[in-house]
Amino acid sequence: MSDSRIPDPSAPLTPSGNLRRRQIFSRLTEVGATGAAVLAVGVLIVVIYTIVSRGAPAISFDFLFKGYPDGVGPMILGTFVIVAVSTAMAAPVGVLIALFLTEYAGSRGAGPLRLTLDLINGLPSIILGLFVFNLLVNHKGTSGFAGAIALAIIEVPLIARGAQEVLLLVPKALREASDALGVARWRSVLTVVLPTAMGGIVTATVLAVARAVGETAPLILTDFIFDPKKFSLNIFGEIPNAPVWIFKLSEEGTEKGYQEAWGLSLVLIVFILVASLGARALLGRSKRKLSS
Amino acid sequence: MSSAVTPVAPGHSGSQRGGSRRKRLDLFGDRALFAICLLAAILAGVVIALVAYQVIDGASEAISKFGLSFITDTKWQPNFKVFGAGALLYGTAVTSAFALVVGAPIAIAIALFLTLLAPKGIGAVIGPLVELLAAIPSVILGFWGLVILAPFAKSTLEPFLHSTFGFLPIFGEPQTTGLSIFTASLILVIMVIPIIASISRDLFRSVPRELQDGASALGATRWEVVRGVVLPTTASGVVAASILGLGRALGEAIAVSQVIGAGSEIHTNLFLPGDTLASRIAVQFPGHLNDLHASALFYCGLILLVIGLVANLLAQWIGRRFSYRGAAP
């Protein structure tokens, strides 16, 4: 006690005792947090690397554009058709919901609607498959259209959320200027608000498409049986599609099937990565433009 | 409202008439736009109700046949028209709990790293990369799990855990295939992390800088700032995020079905095959043997739907009820 009153001036300026313990512990948690981030990125890299290294040898012109057994052209085309149809249904609905949230619903209406969107977003996709199966497939048979409806339900909340975010960023001054000129609300929504927010709406839609492209669970119940040799554009019939094909190949467990599945996975992943990274970059840019 | 200020030149009868036509058009346009927006909003509500109705409708045959004992019964024999979801519920609970217990701490650590530790440039790269994990389609992640992760689990992870923690019943004798509840749980961990991490990161960013600086000024170490300021102010949000992650884990069908091995019994040993509600639907529905089989799978879906909705509502409620007031926008 008595010698602690006069600290030794020549003692090194490093903490000791309790403080030292606390600092070491803090350091350890920092290392742990960094390790967690490295782990997650590591897993991503390992997964992507596996897909690229095993999928790349399978890729060729025939693989991309010919039917089974030479390639997976019908599956790629079919996925494109199904997702295009589902997005054509989901995008208008999503944007209108976002408009309703920002333009018309007061805080009282917006709360329940946002909750509903969150609930739809949280629904397991396999449930949507069951839903569409009972609604459509049970009576009319499997079809790409049934799958497209399930995918549209997945896309709507994503598009609505993204569109709402950018709509809220549209500068008040623009709206006020439009009001001051005596422009009716619907005109200012269509000619001022929506065009200003268009960049963000498009990116939200692209992100939703990136999500829908890989959705398998709903399609397994709605568009499972198809002819992998046939290129089909008929949305009301069975359409070959990539996710279900990957699933089937992985269940089969043959060496050739695996290679095909890796190749098809690579095609999907490249599309998804390009779409989501591109959309994110665009979104950042258009948000900065709006808020500056 | 705005139609009242349509500009009209006084005394100019031509434009007067044109103005009133325009006024009527604007009135119609305003109402029409409102109507279709409202319609879209109502559609969202209708979809939820319709989903619930259709799933209940599909399950009605199984509900009337098995009643509530379906939930506890563990026999699943499509050929004999005997169905019980007990083992599936168990598998769902174990895999999701595992995913949450392992995934949530990792995700929260990542979020802390991104907000407090990472230099700006590195954080701007790692943040989106972690979110990209969520962009990998589940069928591809499941395929990767089947071809890469399962053999690795079989050859390395499972024997290691068995030899080190073998005294715990959950780390029993490993199986020969690597397709197990354990592997499925690992896949779910990968899926849960980006969800919890990205929500938590946004929460941690909302913690007022002054509070953290104040704690630092009082001599708190970085960990003590996290423990004393950051986590307590965001705890409810982090719990809500974890529940959302749990919801994702509960409902994941495809990836789980590829690596879980489709067992039908209840084991405490994680290294044995099992099955979950969602994955059983995905695997057996396309080739269901009879109407009762399909209906029983719908019943599984109904259980999943109820759990999913409850989890979501709970997350919403916790997020709102206990949210830190200063952090609210």
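Every number here is computed from the coordinates shown, using simple stated rules; none is lab data. The structure presented is a predicted model; accordingly, all values stated were derived computationally and were not measured. No Cβ is skipped: glycine too gets one built from the backbone with ideal geometry, and neighbour counts run over all protein chains shown.
Key figures
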{"quantity": "GNM top mover of A:Arg20, A:Arg114, A:Arg280 - chain A, alpha-carbon springs below 10 Å", "calculated": "A:Arg20"}
{"quantity": "Reciprocal of mean inverse Cα separation for region B:215-329 (Kirkwood radius, Å)", "calculated": "17.3"}
{"quantity": "Stretch in chain B that is longest and holds no trypsin sites (Lys or Arg not before Pro) that DSSP places in a loop and that have at most 15 other beta carbons within 10 Å", "calculated": "B:82-329"}
{"quantity": "Label-point gap, in nm, between A:Asp118 and B:Leu50 - each point 7 angstrom along Cα→Cβ", "calculated": "2.4"}
{"quantity": "Size of charge dipole - chain B - debye, nearest 20, with Cβ of Lys, Arg +1 and Asp, Glu -1, no other charges", "calculated": "1360"}
{"quantity": "Whether the protein assembly as shown is rounded, prolate or oblate, judged on the alpha carbon gyration tensor where a/c under 1.5 counts as rounded", "calculated": "oblate"}
{"quantity": "Overall form of region B:28-72 per C-alpha gyration tensor (a/c, 1.5; a/b vs b/c)", "calculated": "prolate"}
{"quantity": "Positive-end residue, chain B charge dipole about Cα centroid, Cβ charges, pick of B:Leu211, B:Ala315, B:Ser295", "calculated": "B:Leu211"}
{"quantity": "Cut-off 18 Å (backbone N to label point 7 Å along Cα→Cβ of A:Leu282), residues of region A:171-213", "calculated": "A:194-213"}
{"quantity": "Separation between Cα centres of region B:295-324 and region A:162-229, rounded to whole Å", "calculated": "27"}
{"quantity": "Estimated FRET transfer efficiency when R0 is 35 angstrom, pair A:Ile24-B:Ala97 (beta carbons, to 0.05)", "calculated": "0.60"}
{"quantity": "Lys, Arg +1 and Asp, Glu -1 on Cβ, resulting dipole of region A:1-69 about Cα centre, debye, nearest 20", "calculated": "120"}
{"quantity": "Debye, to nearest 20: dipole size of the protein assembly as shown, +1 on Lys, Arg Cβ, -1 on Asp, Glu Cβ", "calculated": "2180"}
{"quantity": "Estimated [θ] at 222 nm from DSSP helical runs (n ≥ 4, -39500 (n - 2.57)) normalised by residues in the protein assembly as shown, nearest 500", "calculated": "-23000 deg cm²/dmol"}
{"quantity": "Highest-fluctuation residue, B:Ser236, B:Ser216, B:Ser279 considered, GNM on chain B with Cα pairs under 10 Å", "calculated": "B:Ser216"}
{"quantity": "Aspartates and glutamates with Cα under 20 Å of B:Lys81, excluding same-chain neighbours fewer than 8 positions away", "calculated": "B:Asp57, B:Glu61, B:Asp73, B:Glu265, B:Asp275, B:Asp291"}
{"quantity": "Over 22 Å between alpha carbons, listed pairs A:Lys287/B:Lys120; A:Lys248/B:Lys65; A:Lys172/A:Lys289; A:Lys230/A:Lys256; A:Lys66/A:Lys140", "calculated": "A:Lys248/B:Lys65; A:Lys66/A:Lys140"}
{"quantity": "Length-normalised contact order for chain B - Cα pairs under 8 Å, 6+ apart - percent", "calculated": "25"}
{"quantity": "Under 17 Å from the Cα of A:Lys229 - aspartates and glutamates, other chains or at least 8 residues apart", "calculated": "A:Asp62, A:Asp70, A:Glu238, A:Glu260"}
{"quantity": "Axial C-alpha extent at least 18 Å, average Kyte-Doolittle at least -0.5 - helices from chain A (DSSP)", "calculated": "A:17-55, A:73-99, A:107-122, A:144-169, A:194-213, A:255-291"}
{"quantity": "Where chymotrypsin sites (Phe, Trp or Tyr not before Pro) fall in DSSP loop in region B:85-169, at most 13 other Cβ within 10 Å", "calculated": "B:Phe167"}
{"quantity": "Label-to-label distance, nm, for residues given as B:Thr74 and A:Val274 (7 Å Cα→Cβ offset)", "calculated": "5.1"}
{"quantity": "Exercise: per-residue mean of other protein chain Cβ atoms within 10 Å, B:116-128", "calculated": "2"}
{"quantity": "Folded to 0 to 90 degrees: helix B:86-112 orientation relative to chain B principal axis, Cα", "calculated": "60"}
{"quantity": "Cβ neighbours within 10 Å from other chains - mean over B:293-299", "calculated": "2"}
{"quantity": "Folded to 0 to 90 degrees: helix B:120-135 orientation relative to chain B principal axis, Cα", "calculated": "70"}
{"quantity": "Percentage relative contact order, chain A, counting C-alpha pairs under 8 Å, at least six apart", "calculated": "27"}
